[in-house]
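Data first, discussion second: the structure below is written as structure tokens.
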There are 2 protein chains.
Amino acid sequence: MKVNFESLIDELKNKKIRLSHQRLKVLEYLTTNYNHPTADQIYNGLHDEVPTLSKTTVYNTLSSLLDAGLIRAINIEDNEVRYDINTHDHGHFKCESCKNIYDFNIDIDLFEADQLSGFEINDKNVFFKGTCRSCIADGKE
Amino acid sequence: MKVNFESLIDELKNKKIRLSHQRLKVLEYLTTNYNHPTADQIYNGLHDEVPTLSKTTVYNTLSSLLDAGLIRAINIEDNEVRYDINTHDHGHFKCESCKNIYDFNIDIDLFEADQLSGFEINDKNVFFKGTCRSCIADGKE
DNA sequence: TTGTTACTTTGTAATCATTACAACTTGATG
DNA sequence: CATCAAGTTGTAATGATTACAAAGTAACAA
């Protein structure tokens, strides 16, 4: 999944969100490091380049990007939130050995649960856990 | 979804997990209050009946029940884990207005993502967010 | 029934991600 | 380039969860 940095900036302008230096750097980080990072990883990853960056700003920025719908939050473990620049519907697989998160395509509309008729659905999430192919090959399962 | 308390006890015995008073009370609470409670709700709900119960015990108990596969953890929000006595595959819908969690049936095997071939999948989760029917009827959406 | 022992429980303190807050700074608009 | 609402920063607070060590108890055997 390739995400265009320029089009993200256009979206920020459309939504009247200021293009602050810090915000652009966080967005750039997310488009460059497409590995579903945590807030802490973003903070550490940008620290050399933007020494004045504070962790509060990372959280604030992620919060406004979430509100604007430019990114999505992934809650798989209870002790970490990961952020995804890919806002298209897709599933996540977390390897319990190497901890990596893999994307996979799903047709999420296959779930037309009649039990939810009359419900308004804003957000659909699918995630699996297990052991990824390369960890199995390495005998780490 | 009806869960049989007796069969849960048999499972504990099979898995050599001691039937302590506290553990049985937590299990009983989960079978009686089938509303996906948090650890805190379980603790408060049992406090009158088991005044000596500590919150650490609730966490310890939930942890061993999870390990034994008798319950499942639900991570929808980043700031709360909910526990589910129903370990069969099913989806969860969280209403962002009334905060209730609804179950719905899904055929989770519809997801045979070829991208995950060679992966070992241990756990499949599906959750939606939105507004439930009764909150929509009450104009709370 | 009792003794033994390993497993459990408990309360307190620590941890760690996230949020609140108030002073300072800056992007956008005219 | 002046203005000011919005953004940033550091510190302190919050709140769920975990670590730990002392005290208690379930399970098993004799």
One finds the C-alpha centres of the range B:1-24 and the range A:1-30 to be spaced, in Å, by 52
Please list A:Tyr59, B:Tyr83, B:Tyr43 in order of solvent-accessible area, largest first, computed with a 1.4 Å probe with all protein chains present. A:Tyr59, B:Tyr43, B:Tyr83
List the residues of the range A:111-136 whose accessible area drops by at least 50 Å² when all protein chains are present, compared with their chain alone, using a 1.4 Å probe and counting only protein heavy atoms. A:Phe111, A:Gln115, A:Leu116, A:Phe119, A:Glu120, A:Asp123, A:Asn125, A:Phe127, A:Phe128, A:Lys129, A:Arg133
With +1 on each Lys and Arg Cβ and -1 on each Asp and Glu Cβ, how big is the dipole of chain B about its Cα centre, in debye rounded to the nearest 20? 540
Cα-projected label distance for B:Asn100 with A:Thr56, points at 7 Å along beta-carbon direction, nm: 4.0
Name the most mobile residue of B:Asn75, B:Asn14, B:Asn44, meaning the one with the largest mean-square fluctuation, in a Gaussian network model of chain B with Cα contacts below 10 Å. B:Asn14
Label distances, nm, A:Tyr34 versus same residue in remaining copies, Cβ-directed 7 Å point: 4.3
Show that you can apply the helix-only estimate: for chain B, add -39,500 (n - 2.57) for every DSSP H stretch of four or more residues, divide by all residues, and state [θ] at 222 nm to the nearest 500. -10000 deg cm²/dmol
State the answer as a single residue: which of A:Phe93, A:Cys132, A:Leu24 lies farthest towards the positive end of the charge dipole of chain A, with beta carbon charges of +1 for Lys and Arg and -1 for Asp and Glu, about the Cα centre. A:Leu24
Buried accessible area for the A:B pair, summed, 1.4 Å probe, in Å² rounded to 100? 3400
Quick check: Cα centre of the range A:34-71 to Cα centre of the range B:59-85, how many Å? 29
Loop-located GluC sites (Glu not before Pro) in the range B:1-72, at most 14 other Cβ atoms within 10 Å (DSSP): B:Glu49
Within the accessible area of the protein assembly as shown, what % is carbon and sulfur when the probe is 1.4 Å and the other protein chains stay in place? 43
Could you tell me the relative contact order of the range B:76-141? Use alpha-carbon pairs under 8 Å, at least six residues apart, and round to a whole percent. 38
Which shape class applies to the range B:91-137: rounded if a/c is under 1.5, otherwise prolate when a/b exceeds b/c and oblate if not, where a ≥ b ≥ c are the square roots of the Cα gyration tensor eigenvalues? prolate
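The values are calculated or read from the model by the stated rules, or taken from the named source; none is laboratory data. This one's a predicted model, so the numbers in the text were calculated from it and none came from an experiment. Here Cβ is always computed from backbone atoms with ideal geometry, including for glycine, and neighbour counts include all displayed protein chains. We work out accessible area using only protein heavy atoms, side chains counted, and drop any ligands, DNA or RNA first. Shrake-Rupley method; radii C 1.70, N 1.55, O 1.52, S 1.80 Å.
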